[in-house]
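Here is the structure we will look at.
The values are calculated or read from the model by the stated rules, or taken from the named source; none is laboratory data. Predicted, not measured: the structure shown is a model, and the values here were computed from it. So basically every Cβ, Gly included, is an ideal-geometry build from the backbone, and we count neighbours across all protein chains shown. Remember, those area values only see protein heavy atoms, side chains included, never the ligands or the DNA or RNA. Shrake-Rupley method; radii C 1.70, N 1.55, O 1.52, S 1.80 Å.
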Amino acid sequence: MMYRLPPQPGEWLDRSTALEFTFEGRTFSGYAGDTISSALAAAGLPYLARSFKYHRPRGLLSYANHDSNALFQVDGVPNVRGDVTPLAHGMRVTAVNTFGGLERDKARLLGRLGAFLPVGFYYKAFHSKRWFPRWERMFRVLTGLGTVSLAAPRLQTPKRYAHCDVLVIGAGPSGLAAALEAARQGARVALVDEAARPGGGAFGRVASAAGEREALAALARELRDTPQVEYLPGTVAVGYYADHWVALAEPTRLTKVRARAVVCATGVIEQPAVFRNNDTPGVMLASGALRLIARHGVAPGRRVVIVAANAEAYEACLELKARGVEVAAIVDFRAPADAAAADAAAGDGAAACAAAGVRVVAGHAPYAAVAGADGALRALEYVPIDVHGRIAAGAAQRIDCDAVLMSVGWAGAAQLALQAGATLRYAPELQQFVPQDLPAGTFVTGRLNGIYELAGRIADGRRGGAAAARFAGASGEFQGAFDAAPGAAAHVMRCPSHPFPIVDHPLGKNFVDFDEDLHIKDLENAAREGFDSSELLKRFSTVGMGPSQGKHSNLNALRILARHLGVTVGSLGLTTARPMVQPVPLKLMAGRSFQPERRTPLDALHAAAGAAWMPAGNWRRPEYYARAGETRAASIAAEVAAVRHAVGLIDVGTLGKIEIYGPEAGEFLDRVYAGNYADLAVGMSRYALMLDEAGVIIDDGVVARLAPDAFYFSTTTGGSATVFRELLRWNALWGLDCALVNVTGHRAAVNFAGPKSRAILEGLTDIDLAPSRFPFLGVREGQVAGISARVLRVGFVGEWGYEIHVPASGIPAVWRALLAAGAAHGIRPFGVEAQRVLRLEKGHLIVAQDTDGLTDPIQANALWAVSARKRFFVGGRSLAILRQRPPRQVLVGIEIDAGATVPKECHLIIERGEIAGRVTSITTSATLGRTIGLALVAPALAAPGSRLTIRVDGGAIVAARVVPTPFYDPKNMRQRAEAS
Amino acid sequence: MSAVAAAGRTVAFERRHALALAGFKGPRAAEWAGLQGLPLPPAANRFARSADGGLLVARLGAAEFFIEAAAGGARIIAPLRAALAARPPGVYPVLREDWGFRLGGDAVHEVLAQVCNVDFAALTLSSMGVVMTLMVGVAVIVIPEAATAGGPDEARGGGRCYGIWCDPTFGAYLGEALKTVVEGGGGIIIGESK
């Protein structure tokens, strides 16, 4: 059982500050500097978690956030990573994935049903349609990790961008050397590492050689003294995207870094040995145990056995002994001669351990871990193993222990390099994948590069840092070669990894993937079923798909598959590495959100007038103006009535507004719109329909001619940005002699409409408003309320009216002046809803409401807006083809039978049980005393007088008939001089 | 990359009102600008100032110009606008009603890093560069300024200052977003200059 040691040299704890917390309802204490995992370990609990599928008891495994044993629910936050999360006073911690608590987890019975839950069982079960709803409810309860609280507050974290010349990922010896060398070369350097302090796992060893300790200490000192290196501890590089764009997850924010060059000094990940019950609490990776003891003063156990296959195992033994931890034995996979030779090359660690009284049992492999009644480790069984990996199960021996540390090999932490586009090759001399080809600007150093000796790692770091700095454009001098032969034989003094640290057992439960509860038999069975490539094996078995994403399982899975197929590991290839390298809290991904919103210059005046706001694209607009004593419906009706009988004023500043100048401006408009504009008279305007190349309506507006070479035209509110971009694109292709100016935001506009509009405006403008001088569709420039204005006579709402366009800063004065002048005449400002009613009464369509992604002018009954004589316009050729065939649907006016339920937009028209169209616009018109609308219907139903049936909410049927449009003022009498 | 709120780091933000602005574009725009006696930026995406610093001329792309005159600049801008209204050949007026802001201080880059992906710290004043980019999703023009008397960083021992201009309909949103970021980092809002 783990326990707290007396203060250790260089530990990360502040033992003067005790922190109290609860775990599963019981109170424990730790110290400042502890992580959640280290504090729980020090508490000496038999186990800390339950596994995903079988709910087996689990303890710490990697102590590096490379497994899901240490995921906890903390203060309502799910899946907090205990290995890297600092302990805080008052934390309430519980295990995840339990039913009824960690100890009494009801689902632990699933462990006994293992025979019925083989790999991929869910693909072959649960297929009964009748039973599936029941299974689905069961899945929703049983699966997943952690509990999400629907009451959790939304946390905004400040995302940020950053820039540097060289980004170094990993602050171990080679990363430190790389960062310092790059800075020496003159580069702006950022250095990131997940740990709270630099140096990696090598730092803080008391038993390592004095020279090595000093070398590491010197690097740390130099880092402190080098301000050109921006050091970010507690930061994880989680994704490597194109052009050296890297996402960094810090505790409180996400940083998006753009670097000119990146050094991946991400090191290696220790791999577990695979043997029966290797998931027993007390069995963990040796590197994790060393981090635990050096940083937090927690011993892995009182009687430790080390499972070995490399020199690091013996270094771990000496480290434990130096700190007063008993090591009962080292069980070494390698034959005695091989072990001796390898360790002689690496500094005779075995001899030193033997001299320290540690029994070394070479040529033996772990066979099974034995747990006590409390679920914690009590002993290890081990067996002889020959050079071919054959074991003698009958010769098993047992040794009592409460901790087994596995030190059998490593896998490169190459995920980020792979995301960058690196390719790897399997180096048999290292039993590790190492870089083969790297993309320009990406560099790899240290153990990821296959270099294990400390001096070599530091030298390789300097090389990589200098090369990265040179790539980034720094111009310092570097004495050395920039290129490295990764994993070159010259660096390989001894192999750090066993080729097959995997021991089968007839009773199984020899775990390869601890996150997914997969043991050897699962992977072999998957291969036997034909899922015999790395990709298929992954997807069928889910190996590598848990929270650790294969960090501790992918390599052993490949070894098992390779042996089953009789091929080499290198021939199998790796699965695709994708972001995120580590799980990232959603609050960091969401971050502070920016939702651009546009407001017209009249926004404050609308608010003062009681505007009820609505979104219109990315604008906010008044839906209507609330008045005391009026319901919403009453306000809208009153606004409509004001326009029909007196005068109304609406802010139409959201319309797209574009100017076009130049000798070929008219020609350009003729090409991009369906109508004729080159022949438009100066001082007049014309409705404009814009089509795409398929002949589909994409926008509409009004084109006004200000001068022979100057036009001013509008677009829909939602289309302004898209239309402008499209127009720029067209002119880049055509190269016509004209220039486009987007003044959408810089000009404001109001529509002043109603039978009294002319009389009122006459008192505010120097423009001659006499109908003979300013006809319908005319455009004039002059002053309104002292502001320079363009005034258009338009009829969107069906009444005599003027659209007044002025520079944005001038519109408040115009608005106030019109309201003041109209006050005695019953003026009301009107909003979007009233405008919708008014235009619908006139039968005017709204693009993208009354049209869809396939509606052309034929279907929309808008051929009157299409030139019959132009040689070319965008969409013209498609329209000519479409004219040859009957339309798929037609836009018609409809009237709902009196007293019937009012349908909603998008309610379907049903004919003989089939969908025959839909309602696009609908309103109950007080002006007309009936409910009217527009609908897209099948051509057979489009004739005026046709009866329609509309299905409304709840399935009821409402009757309607097709009627001609416009509904209101069909002869346009309201635009005649007599009307104003 | 360290927090704005670190001891001694400051940032300040203000909105500028009553800007005197003009704009024009066209195939003969550069030639015309020279004829008007305007200081001519040497290349696209560069700016120039008059000798007394009262006039800023930014070249947006190859053939478009953005002009701002300092306080009292109506006497420069009004005739310019009148000349443009007369529509000289090959020169077309561009109405400018931009909102203007100023952001400065020795921690200004920490704020900018949260709202824009341009590496402003790498810009030098001497390059006279005009940055046209997106800031919190809004298209902006950003021009580095030397610290000036009355500017937001005047009393804070220097640091970089930036003029920021945007479409007026995005102005309220941009201002509120920048204020949120500045205040969140411990910076101050100076208010609005007249």
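Mind checking which residues of region A:61-73 are among the aliphatic types (A, V, I, L, M) and open to solvent by 10 Å² or more (accessible area, probe 1.4 Å)? If the condition is that a residue be among the aliphatic types (A, V, I, L, M) and open to solvent by 10 Å² or more (accessible area, probe 1.4 Å), then A:Ala64, A:Leu71 are the ones that fit.
Taking A:Asp515, is it more than 30 Å from A:Asn751 (Cα to Cα) and either open to solvent by 10 Å² or more (accessible area, probe 1.4 Å) or within 14 Å of chain B (Cβ to nearest Cβ) (or both)? It is false that A:Asp515 is more than 30 Å from A:Asn751 (Cα to Cα) and either open to solvent by 10 Å² or more (accessible area, probe 1.4 Å) or within 14 Å of chain B (Cβ to nearest Cβ) (or both). Consider region A:906-939 and keep the residues that are farther than 26 Å from A:Gly754 by Cα and free of Cβ contacts under 8 Å to residues at least 12 places away in the same chain. The one that is most open to solvent (accessible area, probe 1.4 Å) is A:Arg912. Based on this model, can you work out whether A:Leu605 counts as over 39 Å from the mean Cα position of the chain (by Cα) and either buried (at least 17 other Cβ atoms within 10 Å of the Cβ) or within 13 Å of chain B (Cβ to nearest Cβ) (or both)? Criteria met by A:Leu605. Can you work out which of the residues in region A:152-166 that are crowded, with 24+ Cβ neighbours inside 10 Å and touching a helix residue (DSSP H, G or I) at 6+ places or on another chain (Cβ under 7 Å) is nearest to A:Glu250 (Cα to Cα)? Across region A:152-166, the extreme among qualifying residues is A:Arg160.
Each row is one residue, and each column tells you yes or no for (1) touching a helix residue (DSSP H, G or I) at 6+ places or on another chain (Cβ under 6 Å); (2) free of Cβ contacts under 8 Å to residues at least 60 places away in the same chain; (3) farther than 20 Å from A:Gly412 by Cβ.
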residue	(1), (2), (3)
A:Val238	no, no, no
A:Asp243	no, yes, yes
A:Val246	no, no, no
A:Ala249	yes, no, yes
A:Phe275	no, no, yes
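Residues of region A:803-841 that are outside any helix (DSSP H, G or I) and surrounded by fewer than 20 Cβ atoms within 10 Å (Cβ to Cβ): A:Pro807, A:Gly826.
Within region A:893-935, the set of residues being in a strand (DSSP E or B), of a type in the set (A, V, I, L, M, F, W, C) and farther than 16 Å from A:Gly954 by Cα comprises A:Ile894, A:Ile896, A:Ile915, A:Ala916, A:Val919, A:Ile922, A:Ile932, A:Leu934, A:Ala935.
Which one is nearest to the other protein chains (Cβ to nearest Cβ) among residues in region A:706-715 that are under 29 Å from A:Gln849 (Cβ atoms) and touching a helix residue (DSSP H, G or I) at 6+ places or on another chain (Cβ under 8 Å)? Once the filter is applied, the top-ranked residue is A:Phe711. So is A:Gln849 within 40 Å of the chain's Cα centre (by Cα) and surrounded by 19 or more Cβ atoms within 10 Å (Cβ to Cβ) or not? Considered against the rule, which asks whether it is within 40 Å of the chain's Cα centre (by Cα) and surrounded by 19 or more Cβ atoms within 10 Å (Cβ to Cβ), A:Gln849 comes out as no. Here is the figure for region B:103-119: residues that are within 9 Å of another protein chain (Cβ to nearest Cβ) and in a helix (DSSP H, G or I) total 5.
For region A:739-763, filtered to residues that are assigned to a loop (DSSP other than H, G, I, E, B) and facing chain B (nearest Cβ under 9 Å), the residue that is nearest to B:Pro93 (Cα to Cα) is A:Val743. Taking region B:80-94 as the range and being open to solvent by 50 Å² or more (accessible area, probe 1.4 Å) and either within 22 Å of the chain's Cα centre (by Cα) or of a type in the set (A, V, I, L, M) (or both) as the test, the residues that pass are B:Arg81, B:Ala82, B:Ala85, B:Ala86.
Before we move on, is B:Leu19 at pLDDT below 95, touching a Gly at 6+ places or on another chain (Cβ under 8 Å), under 25 Å from A:Gly810 (Cβ atoms) and open to solvent by 30 Å² or more (accessible area, probe 1.4 Å)? The answer is yes for B:Leu19.
Among the residues examined, B:Gly105 does not qualify as modelled with pLDDT of 90 or more, open to solvent by less than 40 Å² (accessible area, probe 1.4 Å), of a type in the set (Gly, Ala, Ser) and in contact with a strand residue (DSSP E or B) (Cβ under 8 Å, 6 or more places away or on another chain). Answer yes or no: is there a residue in region A:116-124 that is surrounded by fewer than 16 Cβ atoms within 10 Å (Cβ to Cβ) and either within 30 Å of A:Gly465 (Cβ to Cβ) or at pLDDT 90 or above (or both). So far as region A:116-124 goes, no, none of its residues is surrounded by fewer than 16 Cβ atoms within 10 Å (Cβ to Cβ) and either within 30 Å of A:Gly465 (Cβ to Cβ) or at pLDDT 90 or above (or both). Collect the residues in region A:582-597 that are over 29 Å from B:Thr169 (Cα atoms) and within 14 Å of chain B (Cβ to nearest Cβ), keeping them in residue-number order. Hit for region A:582-597 is A:Leu588, nothing else.
The set of residues in region B:16-43 that are in contact with a helix residue (DSSP H, G or I) (Cβ under 6 Å, 6 or more places away or on another chain) and away from chain A (no Cβ under 14 Å) contains only B:Leu40. The set of residues from region A:44-60 being touching a residue at least 60 places away in the same chain (Cβ under 8 Å) and either open to solvent by 10 Å² or more (accessible area, probe 1.4 Å) or in a loop (DSSP other than H, G, I, E, B) (or both) comprises A:Pro46, A:Tyr47, A:Leu48, A:Ser51, A:Phe52, A:Lys53, A:Tyr54, A:Arg56, A:Pro57, A:Gly59, A:Leu60.
Restricting attention to region A:153-179, the residues being under 26 Å from A:Met589 (Cβ atoms) and within 10 Å of chain B (Cβ to nearest Cβ) number 8.
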